[in-house]
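Some notes on the structure that comes next.
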There are 4 protein chains.
Amino acid sequence: MNEILITSRLRYEVTERASFAFSIVAARTDHQTVTKETIDLGDDVAWTMVPYGSGTHQLLRLTVDPGELDLSYTASVTVSAQTDRPDGLDEVPFDEVPAEVLPYLNPSRYCESDRVGNFSFRLFGDTPAGYDRVKAISDWVHDNLVYESGSTDGSSSATDVLLQRAGVCRDFAHVAITLCRAIGVPARYVSGYGIGVDPQDFHGFFEAYVGTDWYLFDPTGMAQSNALVRIGYGRDAADAPFATLVGRADLLEKEITVASDGKLEKEPATASTA
Amino acid sequence: MNEILITSRLRYEVTERASFAFSIVAARTDHQTVTKETIDLGDDVAWTMVPYGSGTHQLLRLTVDPGELDLSYTASVTVSAQTDRPDGLDEVPFDEVPAEVLPYLNPSRYCESDRVGNFSFRLFGDTPAGYDRVKAISDWVHDNLVYESGSTDGSSSATDVLLQRAGVCRDFAHVAITLCRAIGVPARYVSGYGIGVDPQDFHGFFEAYVGTDWYLFDPTGMAQSNALVRIGYGRDAADAPFATLVGRADLLEKEITVASDGKLEKEPATASTA
Amino acid sequence: MNEILITSRLRYEVTERASFAFSIVAARTDHQTVTKETIDLGDDVAWTMVPYGSGTHQLLRLTVDPGELDLSYTASVTVSAQTDRPDGLDEVPFDEVPAEVLPYLNPSRYCESDRVGNFSFRLFGDTPAGYDRVKAISDWVHDNLVYESGSTDGSSSATDVLLQRAGVCRDFAHVAITLCRAIGVPARYVSGYGIGVDPQDFHGFFEAYVGTDWYLFDPTGMAQSNALVRIGYGRDAADAPFATLVGRADLLEKEITVASDGKLEKEPATASTA
Amino acid sequence: MNEILITSRLRYEVTERASFAFSIVAARTDHQTVTKETIDLGDDVAWTMVPYGSGTHQLLRLTVDPGELDLSYTASVTVSAQTDRPDGLDEVPFDEVPAEVLPYLNPSRYCESDRVGNFSFRLFGDTPAGYDRVKAISDWVHDNLVYESGSTDGSSSATDVLLQRAGVCRDFAHVAITLCRAIGVPARYVSGYGIGVDPQDFHGFFEAYVGTDWYLFDPTGMAQSNALVRIGYGRDAADAPFATLVGRADLLEKEITVASDGKLEKEPATASTA
């Protein structure tokens, strides 16, 4: 069990009345407990916290007039992942995939899994199905993509990245998700905070559904699984950007810190749920 | 109020054990009431009905061994859409879009709304916001695409169709959804049955969120809005194909009939909810 | 007849031995005469001038060791376009297109004319074939794209630009070329210098083959046709970038001036060859 | 030296006056000699033979009124490739690439080499430059694509095929060309006839420029290099389709035979020019 301390600060110059939806607040899950938390927007800014979409995570929403917006978030989060022996985590046959998990088999904007079926089967068709296959996919992504800031933008999808073989954390996650779905494994995008992310920023990784739960993978290899705090979930990064904005505002500052309150336990040699 | 009678029959030759998820059952909504319904798969086939994803609609799931699968569905559905004066249906500002509706502003696999922002603003930026703008988008799609069987396939997205200017019902819906989202209007894909669809088949259309509800549009112009029965909802057609299949089976027959039990009322000159 | 004075200066910091191929020298054509010209690279840099590809234009090639590279080009060019009555310039039927012109009917990297056949026929199928149709295409591009620096990059093709409706001069040319080829009119990319290009830089425009010759169009509307000097020709911008470089060098300065030696004649209300 | 006997027959039902340009005639090169040849179109059809584009190959052009068009071509071709030791064929540095070869370094419609630079360098950056690197690329294409009729169509490009990992001969060639150009090796598409092509049809393969000449590769592995007869050359398959047609006609029959007049010599373990 690890206690992870998070601070994130976002400052904007709002030049026209603007509405924001932020995904920056640590998720509440069976394995992730928020023990302390503050949201500070000053006294004059009203905000609401609402569940996004079907309730996968929380959005912080607010609308402000021109001026400076200064948002500080701090949290202390205990991550106590259930760990399992990877060899006990089988791939779930299609007729046993829970109906609420089925959407995560579909292609999405940044994860066009319908386009890479042969590709995924060719690379991973002979790997034993289950956790190990997802691990093989995540490792392949780690080994075959180059992490390169600025190599992609908001319109870059997994197929773009597969061709250019370079991207940032969200791209690594998109490619892994795409290869998983293409071979029949439900996979979803997760945004979050991670110790070791360099440069320190919001992070993106993914979860795959094997056995009877969602298991976590970070194909960038930047953070070990027990050093990751989840914020939001979705079909791809479009569902969990740290900020969506309608109006006009410039981001002046984004500063994230993520730290352990003590010695971070060594990553267990086991699979780990969300 | 119209009573619509539906029969759909699907026959498959299953050559290897196969699992199916069908989206063929009429949705239950505030404005669509199923008064009679039969699902007939013979005595030997066990099936379950489960809510897809976050519960948008029902999936009929079953797994069968090799042999023939013969599925008959009949329903009698009363459509009593709430109708409203279009000019009372304003566009919803971003900060008032309900959080569960927000995902329908995002780009999706077949609706890459992030790529056509300028395009949509250029065409529809000057149209009064609200129901009329969505109507203008739906009409533009009707006027600028050619309905042509076989012109697209399962990998064709709205941008492909916008370039080639030809497609089938799902493509018409995808383009309209994409232009709506690009200009800030939540829109979703709807599969269903429609009187007048030619050739008679499953149909695809869309809904946009204006005022405080989802309103219906069929950019193909094949069916009037009170002659449409909803089956499933989603970000795009990937969420509501009539059948998803894992295993091996050939479709031998697909026969759909959709009829009114009497004289179909003339379409009201008003907006109509789902 | 206009005399156009050109200076272009390019300075690079070469950090690893580098080979360059420059397309910056005014083309020699029946209607464009270079009356004075200097190429200055200092005394120590050897260079050659060679015809590119099938001889469409001249490349200035050189290889240099690390250090500064300072290239100055000046020219005085007389443009005496043959002008014709547009209504006498018919579209050339396929079997009369000269064999050397046929490649300019094919799709190319940045001009995927095979993808927009319906689109082009829908928009321009009813316009009288010939010069007027190309003019209609060029005007449509001018009216429907927004000139926006930075909106595209080296991988942006005509279909990308058609969807986002924004681009720079090369994109305007690519879209027009694509729509021409899609409707059966040979069209090629031309790089050059233009009086009135703002900000002053190398320019990109296009020529279409009608009647029995290539006629010039600038869909950006920045320069009138008798104020344009051709440098290079190609299927698209890939064939005539101002510089191609293998090695490592940073562009320190690019300064272009294009001026008339006197009063620029008013653009004739006629078609104008290359 | 091999003598290769070719017959090809194309029959069309022309339903509206139509103009054709055929690329079916064996090319004349230093290493390929046509010893006998007949072109039979009946007595009533006038045709011309003209050089395509910059003269890379010959086009058979004709225009006919409605009715049946029956084209028979026979040829006897001696292929006497110059063979070289592969290890003597170095990659040509950019500044030594002949100017007429430079266009074959550029991306083209079906070979978007600009999009896969990292990919190609990652896979082949450590392979010794020269003939062996091209051979490694051709072998990789052979090993990583599945030959599957109907898996692609006329709009499928190398990046599409790289993602779906399936295609036909033209796709195999396109992918190999794309990876060559991406790593700085000029490569061009070649259409032709090959002994062993199954099913027997027109064939597509490629040539790369190494040492001081173009060398031949067939990534499908269907035909050995001395069993291939060249027809046409180009940046990609758009430059050398067996038939281009404007008008309206249905292809009724296409029958190709390619045979050796005796025992085909075993393929030499050497590189072979065009």
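The values are calculated or read from the model by the stated rules, or taken from the named source; none is laboratory data. Quantities reported herein were computed from a predicted structural model and do not represent experimental measurements. Quick reminder, even Gly has a Cβ in these numbers, built from the backbone with ideal geometry, and neighbours come from all protein chains shown. To get the accessible areas, we keep the full protein, side chains included, count just its heavy atoms, and leave off ligands, DNA and RNA. Shrake-Rupley method; radii C 1.70, N 1.55, O 1.52, S 1.80 Å.
Things worth noting here:
- Solvent-accessible area of segment A:94-239 (1.4 angstrom probe, protein heavy atoms only): carbon and sulfur portion equals 44 percent.
- Protein-protein interface of segment A:84-100, residues with accessible area decrease of at least 40 Å², isolated chain reference, 1.4 Å probe: A:F94, A:D95, A:A99
- Neighbouring Cβ atoms from other chains, within 10 Å of the Cβ of residues in C:117-124, number 4 on average.
- For segment A:92-109, Karplus couplings with θ = phi - 60° (6.51, -1.76, 1.60), whole Hz, Gly/Pro x: 8, x, 3, 6, 10, 5, x, 4, 6, 8, 3, x, 7, 8, 7, x, 9, 3
- Looking at segment A:94-239, the accessible area is 28 square angstrom per residue; that uses a 1.4 Å probe and ignores ligands, DNA and RNA.
- Between 0 and 90°, nearest 10: helix D:169-182 axis offset from chain D longest Cα axis: 40
- What the phi angles of segment D:48-61 give under the Karplus curve with 6.51, -1.76 and 1.60, with θ = phi - 60°, is a coupling list of 10, 10, 9, x, 7, x, 7, x, 5, 7, 9, 10, 9, 10 Hz, glycine and proline written as x.
- Here the dipole of chain B is about 240 debye; that uses its Cα centre as origin and unit charges on the Cβ of Lys and Arg (positive) and Asp and Glu (negative).
- For segment B:45-98, the calculated P(r), taken from all Cα-Cα distances in 10 Å bins from zero up to the bin holding the longest distance, is 14, 24, 28, 18, 13, 3 percent.
- Around the amide H of D:Q32, modelled in the peptide plane, lie the amide H atoms of D:S80, all under 5 Å away and 5 or more residues distant in sequence or on another chain.
- When only Cα pairs below 8 angstrom with a gap of at least 6 residues are kept, chain B shows a relative contact order of 30 percent.
- Heavy atoms of the protein chains alone define the surface here; on that basis segment D:1-86 has 46 Å² accessible area per residue at 1.4 Å probe size.
- The simple spin-label model puts a point 7 Å past each Cα toward its Cβ; for D:F121 and A:D143 those points are separated by 2.1 nm.
- Along each principal axis, taking the top coordinate minus the bottom one, the Cα set of segment A:58-159 gives 57, 35, 29 Å in descending order.
- Length-normalised contact order for segment C:111-182 - Cα pairs under 8 Å, 6+ apart - percent: 46
- Helical contribution to [θ] at 222 nm, DSSP H n ≥ 4, -39,500 (n - 2.57), averaged over chain B, rounded to 500: -4500 deg cm²/dmol
- Between 0 and 90 degrees, the angle of helix A:131-144 with respect to the longest Cα principal axis of chain A falls at about 70 degrees.
- Charge dipole (debye, nearest 20) of segment A:114-164; +1 at Cβ of Lys and Arg, -1 at Cβ of Asp and Glu: 180
- Among the listed pairs B:K36/B:K135; C:K254/D:K135; A:K36/A:K254, those whose Cα-Cα separation exceeds 31 Å are B:K36/B:K135; C:K254/D:K135.
- As a rough guide to protection, the peptides C:9-21, B:144-156 ranked by mean Cβ packing within 10 Å, highest first, stand as C:9-21, B:144-156.
- Chain A contacts chain B over a buried accessible area of about 2500 Å², both sides summed; the probe is 1.4 Å and only protein chains count.
- Globularity ratio of segment A:94-239, using Cα Rg and 2.2 N^0.38 Å: 0.94
- With 5 Å bins from 0: P(r) over chain C, alpha-carbon pairs, percent: 1, 6, 13, 17, 19, 16, 13, 8, 4, 2, 1, 0
- In the protein assembly as shown, the C-alpha radius of gyration followed by the widest Cα-Cα span (Dmax) gives 31.4, 94 angstrom.
- Shown here are the Rg and Dmax of the Cα trace of segment A:1-122, at 19.8, 57 Å.
- Residues in segment C:2-12 carry Karplus couplings, in order, of 10, 9, 10, 9, 10, 10, 9, 10, 10, 10, 10 Hz; the curve used is 6.51 cos²θ - 1.76 cosθ + 1.60 with θ = phi - 60°, and Gly or Pro positions show x.
- Distance between the C-alpha centres of segment D:214-266 and segment B:77-156: 48 Å, rounded to the whole angstrom.
- Averaged over the residues of A:246-257, the number of partner chain Cβ atoms lying within 10 Å of the residue Cβ comes to 1.
- Simple point charges give the picture: +1 on the Cβ of Lys and Arg, -1 on the Cβ of Asp and Glu, and for segment C:94-239 a dipole about the Cα centre of about 120 debye.
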